[in-house]
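J.: Once you've had a glance at the structure underneath, I'll fire off some questions.
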Amino acid sequence: MSSGEFKGVWVFSENKDLAFELLGKGRELANKLGVELAGLLLGQGVANQAEEFISYGADKVYVADDPALKSFQPEPYKSVIADLASKYKPEILLIGGTRRGKELAPRIATVLETGCSSDCKVLDIDASKRLLLMDRLVYGGNAVSTLVCRSKPQIATVPPRTFDKPQAAKRKGEVVKVEVKAESPRTQILETKAKEVSGAKIEEASIVVLGGRGMKSKEDFKILDELAKILGGQVGVTRPLAADLEWFPEWVGLSGKTIKPMLFIGAGASGAIQLLAGMRDSRVIVAVNKDPEAPIFKAADYGIVGDLYEVVPALTAALKEIFKK
Amino acid sequence: MIGIMHSIVCIKYALDVAELKIDPATRAPVLAGATRKVSDIDKNAIEEAVRIKEKVGGKVSVVTMGSPEAKKAITEAIAMGADEGYLVTDPSFDQSDTMATSYVLAAAIKKIGDFNLILCGEATIDGYTAQVGPSVAERLNLPQITYARRIVVEGDSVTAERDLTENYETTKAKMPALITVTKEINEPRLPTLMSIMKASKKEIKVWGAADLGVAKEKVGAAGSSIQVLKALAPEMKRKGVVLKDMPAKEAAMELAKTLVKEGIVKG
């Protein structure tokens, strides 16, 4: 197949906010290529959302509204998207990199015999070659790699909140109703249990106080809470404390949330490369750790070698004293 | 479903990313001679397969695609309790992307034969694409359950609790099925010296491209859609002011004053 047949930028996410973020980036890419931007809307009773997709930048919305797509299952979603892509041949397909999106994208790429790049943080166009340039972290976060995909569609997954949600505007667009012939799901969902998530989103906090393995118990987080409170920040944790110990529902790092606050304070986190990958774009990084050799000091602007159980309360007290004046 | 429980675990002899050195002049990772190990989450997959075997019987096979050196990964898996090992290696496989890798692994799995369960880690520590598992499922037309933090095998079906970031989802599939596991599903056992010695004597089957009957144009750099233009360590320009050998109170006060003076925090 000559790549000339493929045209247009498509975006899909089962998460609406993420779909809008992708429409924002997709619009920019489509403009650079001088092609159309289309959104894919899959589900049951979703047809009325098509106008919203247009308001966020889509020229066209493919609506697959069918009971078979009521809940996300990899097989029906994959088959519908792969069929549409085979028929209309987009050159770029951006998929929201939720865990569901990440199990979907490689299956679509396999069906379409093309390539896929996961967790892209930067997307751009090489205008001379009409190729999508995809930046992602590799080697456990040790390096940033720029990738291209030689076949079409070029598929990329994009983590939530990588790109800003665009401003909605009154725009005109075309809605295409799609006839759905979905594969049957091969798994059965028995139960869905929401995690307890506090209202505030850590990726939106301008100051983050993060606890690592050096924290001995969940109760001890009150010393971090106090520091976060006086700074107007939020508390976060590393993966072991969230996924293993379940003290918190989510974590910062390569496999979790990526944050870039104005100020990051890490307490008792050694600075494994997987953590650094999730916070190294913070404006200012402060580290408190007992081990002077801890790698986090190499990534920090300011560090204190010491016991966090002494240093953190002392820092809170010092700030209180300064702020009082 | 076949008579006895047979799990096949896909593993990678991955770059040890914690040990990876960066060339300060070029910012390029130094890959020549870099240490490798069984990818962390793949060990969880091996452990889970062995635990399933301990519960319901049957056997565990491990398969890896890599250089001849990747035999070490198989030996380690056997020391952890796997029964059979398969190394898929061929110079033409070098620089395969995720899709080419899943193509080769799927061919190897077909050649291994009947199975009930394929287990993979949620992602490998070096590439972290999380693509190979789902892509193998697509090629073998299997139901897939990703990000499992708990697995229960019962009769001819498998139930898993998945960690989907915002929620947990309990999902059931009829076997054969493919499951990717998270790091939290178990604590992989450390093989004893005895079991490592025993494992190193075990014969490992080695298959090349011709044994698998894979098409040359679908493997390696030639068969990979994804091409790497560059891979460089991000620039880290940090102040690196570290206070040590100071009483906590003094150090904290000095830091607090600096943060306020620099306008980083405000009262």
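J.: Do we have any residue at all in segment A:35-47 that's in the same structural domain as A:LEU104 (by TED's automatic domain parsing) and more than 23 Å from A:ASP17 (Cβ to Cβ)? Don't jump to the end; show me each part of the working.
T.: Of the residues in segment A:35-47, the ones in the same structural domain as A:LEU104 (by TED's automatic domain parsing) are A:35-47.
Narrowing further to those that are more than 23 Å from A:ASP17 (Cβ to Cβ): A:35.
Scanning segment A:35-47 turns up at least one residue that is in the same structural domain as A:LEU104 (by TED's automatic domain parsing) and more than 23 Å from A:ASP17 (Cβ to Cβ).
J.: Something else now. Quick check on this structure: which one of B:ALA18, B:ALA25, B:ALA14 is within 14 Å of chain A (Cβ to nearest Cβ), without any contact (Cβ under 8 Å) to a residue 40 or more places away in the chain and on the phi < 0 side of the Ramachandran plot?
T.: After ruling out the rest, the residue left standing is B:ALA18.
J.: So how many residues does segment B:204-213 have that are loosely packed, with under 14 Cβ neighbours inside 10 Å and under 15 Å from B:LYS72 (Cβ atoms)?
T.: 0
J.: Could you tell me whether B:TYR168 is on the phi > 0 side of the Ramachandran plot and either of a type outside the set (Lys, Arg) or within 13 Å of chain A (Cβ to nearest Cβ) (or both)?
T.: For B:TYR168, the condition - on the phi > 0 side of the Ramachandran plot and either of a type outside the set (Lys, Arg) or within 13 Å of chain A (Cβ to nearest Cβ) (or both) - is not met.
J.: Taking segment A:200-228 on its own, how many of its residues are assigned to a helix (DSSP H, G or I) and modelled with pLDDT under 95?
T.: 3
J.: Find all pairs meeting these conditions: Cβ atoms under 7 angstrom apart; at least six residues apart or on different chains; first residue within segment B:171-187 and over 28 Å from A:TRP251 (Cβ atoms); second residue charged (D, E, K, R).
T.: B:LYS174/B:ASP156; B:MET175/B:ASP156
J.: Exactly one of (1) touching a strand residue (DSSP E or B) at 6+ places or on another chain (Cβ under 7 Å); (2) without any contact (Cβ under 8 Å) to a residue 12 or more places away in the chain is unmet by B:GLY127. Its number?
T.: (2) is the only condition that B:GLY127 fails.
J.: Taking segment B:77-92, which residues are in a helix (DSSP H, G or I) and either surrounded by 23 or more Cβ atoms within 10 Å (Cβ to Cβ) or outside the structural domain of B:GLN131 (by TED's automatic domain parsing) (or both)? Before you say what the answer is, go through the steps one by one.
T.: Within segment B:77-92, the first condition is being in a helix (DSSP H, G or I), and the residues that meet it are B:77-79, B:91-92.
Listed by number, the residues that qualify are B:ALA77, B:ILE78.
J.: Anything in segment A:95-154 that is among the hydroxyl-bearing types (Ser, Thr, Tyr) and within 22 Å of A:ASN31 (Cα to Cα)? List them, or say none.
T.: A:SER117, A:SER128, A:THR146, A:SER151 - these are the residues of segment A:95-154 that are among the hydroxyl-bearing types (Ser, Thr, Tyr) and within 22 Å of A:ASN31 (Cα to Cα).
J.: Still on this structure: Just one of (1) surrounded by 19 or more Cβ atoms within 10 Å (Cβ to Cβ); (2) out of contact with any Pro (no Cβ under 7 Å at 6 or more places or on another chain) trips up A:TYR88, so point out which.
T.: (1)
J.: Scanning for something touching a residue at least 12 places away in the same chain (Cβ under 8 Å) and either outside the structural domain of B:LYS55 (by TED's automatic domain parsing) or among the acidic types (Asp, Glu) (or both), does segment B:150-157 turn up at least one residue?
T.: Yes, that holds for at least one residue.
J.: Considering B:VAL242, B:VAL265, which residue is without any contact (Cβ under 8 Å) to a residue 40 or more places away in the chain, part of a strand (DSSP E or B), touching a strand residue (DSSP E or B) at 6+ places or on another chain (Cβ under 8 Å) and surrounded by 15 or more Cβ atoms within 10 Å (Cβ to Cβ)?
T.: Of B:VAL242, B:VAL265, the one residue that is without any contact (Cβ under 8 Å) to a residue 40 or more places away in the chain, part of a strand (DSSP E or B), touching a strand residue (DSSP E or B) at 6+ places or on another chain (Cβ under 8 Å) and surrounded by 15 or more Cβ atoms within 10 Å (Cβ to Cβ) is B:VAL242.
J.: Shifting gears a bit: Among what's in segment B:29-76 and is surrounded by fewer than 18 Cβ atoms within 10 Å (Cβ to Cβ) and in contact with a strand residue (DSSP E or B) (Cβ under 6 Å, 6 or more places away or on another chain), pick the residue that is nearest to A:LEU275 (Cα to Cα).
T.: B:ALA34
J.: Now for a different question. Does A:VAL235 fit the bill of being within 14 Å of another protein chain (Cβ to nearest Cβ), within 25 Å of A:PHE323 (Cα to Cα) and part of a strand (DSSP E or B)? Let's see the steps before the verdict.
T.: Values: within 14 Å of another protein chain (Cβ to nearest Cβ): no; within 25 Å of A:PHE323 (Cα to Cα): yes; part of a strand (DSSP E or B): yes.
Answer is no for this residue.
J.: Among what's in segment B:174-197 and is in contact with a helix residue (DSSP H, G or I) (Cβ under 7 Å, 6 or more places away or on another chain) and among the basic types (Lys, Arg), pick the residue that is surrounded by the fewest Cβ atoms within 10 Å (Cβ to Cβ).
T.: Step by step, filter segment B:174-197, then rank; the result is B:ARG189.
J.: Follow-up question, since we're still on this one. Filter the helices (runs of 4 or more DSSP H) completely within segment A:1-99 down to those with at least 3 residues that are closer than 21 Å to A:THR114 by Cβ.
T.: Correct list: A:16-33, A:74-88.
J.: For segment A:102-115, give me each residue that is touching an Asp or Glu at 6+ places or on another chain (Cβ under 7 Å), of a type outside the set (S, T, N, Q) and part of a helix (DSSP H, G or I).
T.: Across segment A:102-115, the qualifying residues are A:ARG107, A:VAL111.
J.: Please go through segment A:287-316 and give me each residue that is closer than 11 Å to B:LEU243 by Cβ and either assigned to a strand (DSSP E or B) or more than 7 Å from chain B (Cβ to nearest Cβ) (or both), ordered by number.
T.: A:ALA287, A:VAL288, A:TYR302, A:GLY303, A:ILE304, A:VAL305
J.: Can you name the number of the only condition in (1) in contact with a helix residue (DSSP H, G or I) (Cβ under 9 Å, 6 or more places away or on another chain); (2) more than 25 Å from B:ALA251 (Cβ to Cβ) that A:GLU204 fails?
T.: A:GLU204 satisfies every listed condition except (1).
J.: Might you check whether a residue that is of a type outside the set (Ser, Thr, Tyr), over 27 Å from B:THR101 (Cα atoms) and without any contact (Cβ under 8 Å) to a residue 40 or more places away in the chain occurs anywhere in segment A:156-176?
T.: So far as segment A:156-176 goes, yes, one or more of its residues are of a type outside the set (Ser, Thr, Tyr), over 27 Å from B:THR101 (Cα atoms) and without any contact (Cβ under 8 Å) to a residue 40 or more places away in the chain.
J.: Which residue out of B:ASP114, B:ASP126 is in contact with a Leu (Cβ under 6 Å, 6 or more places away or on another chain) and in a loop (DSSP other than H, G, I, E, B)?
T.: Matching residue, one of B:ASP114, B:ASP126: B:ASP126.
The values are calculated or read from the model by the stated rules, or taken from the named source; none is laboratory data. The structure displayed is predicted, hence computed values, not measured ones. All Cβ positions, even for glycine, are placed from backbone atoms using ideal geometry, and neighbour counts span all protein chains on display.
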